[in-house]
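Enquirer: Can you read through this structure? Questions will come right after.
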Amino acid sequence: MLAIFQVTAPFFALVLCGYLAARLRLLPENAVPALNTFVLYFALPCLLFRFSAHTPFDELVNVPVFFAYLVTGLALFGAFAAGVRALAGESLRDAAFAALAASWSNWGYMGFALLPAILGKAALAPLIAAGMADLLVLVSLALALSALQDHHGADFGVALAGVLARVAKNPMIWSVIAGGAFSAAQLELWQPADHLTKLLGEAAVPVALFTIGVSLYRPGTRAARVDVLVIAAAKLLAHPYLAALVAVYVFHLPQLEMRTLVLAAALPVAGTVFLFAERQGANAERIAASILVSTALAFFSFTALCWAFGLRVGA
């Protein structure tokens, strides 16, 4: 337990550093968009590209892992959205984004930091396959349901096309595709370009974690709400439990892949859910509070899950 705590604590401490920097006003108010731009469009794509390019293509294209994580996400998303609609009578848009918060992990910013440190670098390939299921299907589904509230018939078809076009512009998807192409063709980057992508990729983890902390500071956000706690509980407890059931009993995945999916599912709510909810006119305050609460609680729940697995650092 102590060994796992010693690994997870520095990563969550980086998040805390970002939060304190924002709270103490050491950063300007427009710092979050700038930091997010650097991570999302420069550092993280380089990290993904380099790993994909140096991973055997057959390991990168892991169909069982993709569908195992997809089934897990869709099951939780559907159940949560239906529950919110039936029990709380919320709009389709608010239900869709609440369900997305409960089923979309912050694997992009936190997963690439924590999982290799706990499971070893071999966890990155299944993590990427799982992440593609989120980006290609789960996010598209939430955005499509949100659009369904305003569009019908032919108009909805246009709205759906816009959703898919937006998803297709995600730089993380294209960095994995480019890296996979390099891997399949056994190509190598020109040395200066390789050094540049290495520098940017190495900056991804610390800057991403710091950025999470900065984005968590939202004065006036009410975190002590039942609906927020329900979303956080679904994300940190139900999601990994369901991932374990699907991985073990439905897809019969090897231990490393099963543990990768479970720990990925145990990560807090993805910060991007707030950006989508705000743009779509959903209950963005609830999403922001859910991100804050789930990130704070994940330090304890994620560490406890690693201990329950009996994991050894880097095993």
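Enquirer: Could you report the chain's accessible area per residue, 1.4 Å probe, as an integer in Å²?
Expert: That works out to 45 Å² per residue.
Enquirer: What lysines does residue 121 reach when the alpha-carbon gap must be under 20 Å and sequence neighbours fewer than 8 apart in one chain are set aside?
Expert: Within reach: 198.
Enquirer: How much mean residue ellipticity at 222 nm does the chain get from its helices, if each DSSP H run of length 4 or more adds -39500 (n - 2.57) and you divide by all residues, to the nearest 500 deg cm²/dmol?
Expert: Here the helix-only value at 222 nm equals -22500 deg cm²/dmol.
Enquirer: Among 19, 86, 230, whose Cα sits farthest toward the positive end of the charge dipole of the chain (+1 at Cβ of Lys/Arg, -1 at Cβ of Asp/Glu, about the Cα centre)?
Expert: So the residue furthest toward the plus end is 19.
Enquirer: So, one more: I'd like to know how segment 46-149 sits against the 2.2 N^0.38 Å rule of thumb: what's its Cα Rg over that expected value?
Expert: For segment 46-149, the normalised Cα radius of gyration comes out at 1.21.
Enquirer: Rounded to the nearest 20 Debye, what is the dipole magnitude of the chain about its Cα centre when Lys and Arg each give +1 and Asp and Glu each give -1 at the C-beta?
Expert: Roughly 580 debye for the chain.
Enquirer: Alpha carbon centre of segment 243-315 versus segment 22-76: separation in Å?
Expert: Between the Cα centre of segment 243-315 and that of segment 22-76, the gap is 14 Å.
Enquirer: Between residue 24 and residue 198, take the C-beta separation as r, use R0 = 22 Å, and let me know the FRET efficiency to the nearest 0.05.
Expert: Given R0 = 22 Å and the Cβ-Cβ separation, E is 0.10.
Enquirer: Quick check on segment 30-72: take the gyration tensor over C-alpha atoms, sort the square-rooted eigenvalues as a ≥ b ≥ c, and tell me if it's rounded (a/c under 1.5), prolate or oblate.
Expert: oblate
Enquirer: Tell me, in nm to one decimal, what length is gained between residue 229 and residue 165 on full extension, where the rule is 0.36 nm per residue of separation less the Cα-Cα distance?
Expert: Contour length minus Cα-Cα distance gives 19.7 nm.
Enquirer: OK, next. Cα gyration tensor of segment 168-315, axes a ≥ b ≥ c as square roots of the eigenvalues: rounded (a/c below 1.5), prolate (a/b > b/c) or oblate?
Expert: Here segment 168-315 falls in the oblate category.
Enquirer: By Kyte-Doolittle mean hydropathy of at least -0.5 and Cα axial length of at least 20 Å, which whole DSSP H helices of the chain are selected?
Expert: Once both thresholds are applied, what remains is 2-23, 63-83, 154-168, 171-185, 191-216, 284-309.
Enquirer: Please label the shape of segment 201-275 as rounded, prolate or oblate, based on the square roots a ≥ b ≥ c of the eigenvalues of the alpha-carbon gyration tensor (a/c under 1.5 means rounded; beyond that, a/b larger than b/c means prolate, else oblate).
Expert: It is oblate, given that a/c is not under 1.5 and a/b is not larger than b/c.
The values are calculated or read from the model by the stated rules, or taken from the named source; none is laboratory data. None of these values were measured; they are calculated from a predicted model. With ideal geometry, Cβ positions are generated from the backbone for all residues, glycine too; neighbour counts draw on all protein chains shown. Accessible surface is based on the protein model in full, side chains and every heavy atom, while ligands, DNA and RNA are left aside. Shrake-Rupley method; radii C 1.70, N 1.55, O 1.52, S 1.80 Å.
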